[in-house]
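Read the structure below first, then the notes.
The values are calculated or read from the model by the stated rules, or taken from the named source; none is laboratory data. As the structure is a prediction and not an experimental result, all values here were calculated from the model. Cβ placement follows ideal geometry from the backbone for every residue including glycine, while neighbour counts extend to all protein chains displayed. Areas reflect the complete protein model, heavy atoms only, side chains present, ligands, DNA and RNA absent. Shrake-Rupley method; radii C 1.70, N 1.55, O 1.52, S 1.80 Å.
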Amino acid sequence: MQTAEQNKELPYEKFLNHGPESLTEAELLAIILRTGTRNCSALEMAKKILALAGGKDFKLNSLHHLSLKELMEIPGIGEVKAVKVKCLSELAVRMAIEKASASLKFDSPETVAAYYMEKMRHHETEMILLLLLDNKLRLIEEYTLSQGTVRASLLSSREVFIKALKSRACHLMLLHNHPSGDPAPSKQDIEITQKIKEAGELMDIPLIDHIVMGDGCYVSLKEKDLL
């Protein structure tokens, strides 16, 4: 619980006296912004950014969705400050990816989802990745098959196997995001998965999973016995 003395401290001094864990999200962001204006302190400016990112439903990941233009519409936020906020957000994503990579195993849907979640969850359109694996389930190549509208992407099974053959892949895995945040596979998702699975069995390049990612959650068609 913060004391009255702590509440009077400026974010930078509070950091020095009590450490970063004592700061709120707004105070941490205020230190990144560094300065405010005559009419708006850095802390007030930080609070406006967080409000723009989601208000009552704010999540730190929401910062990633703010554009430079949106940030610069806040009084006192120029290009330099807006770029700082975007770089901070990108660093957070890369740190999460690096942490998840330590436990990444392609025979474990949970670890695959954890690793690729941060790469895909922030996309506002549907994106489909093809992972090409060797006979020991090690990654040979990662290939973007499609990047579509908010509602749907087109997936060509022909393109899947052209890439697989060129890379001499022994196994395939599909990943895609649902911009709505709900990872429940659609009827179309299930149908195209079955189509690629059947083709893979004929060509002796099996599809080992299709993972659909939402916002902080995922569905593995293999785990759901839909593959």
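So if R0 is 45 Å, what FRET efficiency would residue 201 and residue 16 give, r being the distance between their Cβ atoms, rounded to the nearest 0.05?
Working from the Cβ atoms, E equals 0.10.
Please report the antiparallel percentage of the DSSP beta bridges confined to the chain, to the nearest 5.
75
Taking the chain as the reference, fit the longest principal axis to its C-alpha atoms, fit the long axis of helix 187-203 to the helix C-alpha atoms, and give the angle between the two in degrees, 0 to 90, nearest 10.
Taking Cα atoms only, the helix is inclined about 50 degrees.
Between the range 158-217 and the range 108-140, what's the alpha-carbon centroid distance in Å?
Rounded to whole Å, the Cα centres lie 10 Å apart.
Measure off 7 Å from each Cα along the Cα-to-Cβ vector at residue 32 and residue 99, then give the distance between these two points in nanometres to one decimal.
1.5
Within the range 132-227, report the trypsin sites (Lys or Arg not before Pro) that DSSP leaves as loop and that have at most 14 other Cβ atoms within 10 Å.
Loop-located and lightly packed - 136, 138, 151, 168, 224.
Between residue 142 and residue 69, how high is the FRET efficiency from 1/(1 + (r/R0)^6) when r is the Cβ-Cβ distance and R₀ = 30 Å? Nearest 0.05.
Taking R0 as 30 Å, the efficiency between residue 142 and residue 69 is 0.50.
Only bridges with both residues in the range 122-227 count here: give the DSSP antiparallel percent, nearest 5.
75
Gaussian network model of the chain, Cα springs within a sub-10 Å range: biggest mean-square fluctuation belongs to which of 45, 127, 203?
Sorting by GNM fluctuation, first place goes to 203.
Quick one: among 146, 22, 108, which has the greatest mean-square fluctuation in a GNM of the chain with alpha-carbon springs under 10 angstrom?
Evaluated over the chain, the most mobile residue of the options is 22.
Calculate, for the chain, the solvent-accessible area per residue in square angstrom, rolling a 1.4 angstrom probe over the heavy atoms of the protein chains.
Accessible area per residue: 59 Å².
Among 14/81; 48/81; 14/47; 163/187; 99/119; 163/222, which pairs are too far apart, with a Cα-Cα distance over 19 Å?
Exceeds cut-off: 14/81; 163/187; 163/222.
Semi-axes of the equivalent ellipsoid of the range 101-227: what are they in whole Å, largest first, if each equals the square root of 5 times a C-alpha gyration tensor eigenvalue?
21, 16, 14
Rg to Rh ratio, the chain, alpha-carbon atoms and Kirkwood radius?
1.10
With runs of 4+ DSSP H residues as the only contributors, calculate the mean residue ellipticity of the chain at 222 nm using -39,500 (n - 2.57) per run, divided by the residue total and rounded to the nearest 500.
Helices in the chain give a 222 nm mean residue ellipticity of -14000 deg cm²/dmol.
If I model a spin label as a point 7 Å beyond the Cα along the Cα-Cβ vector, how far apart are those points for residue 110 and residue 157 in nm?
Result: 3.2 nm between the two label points.
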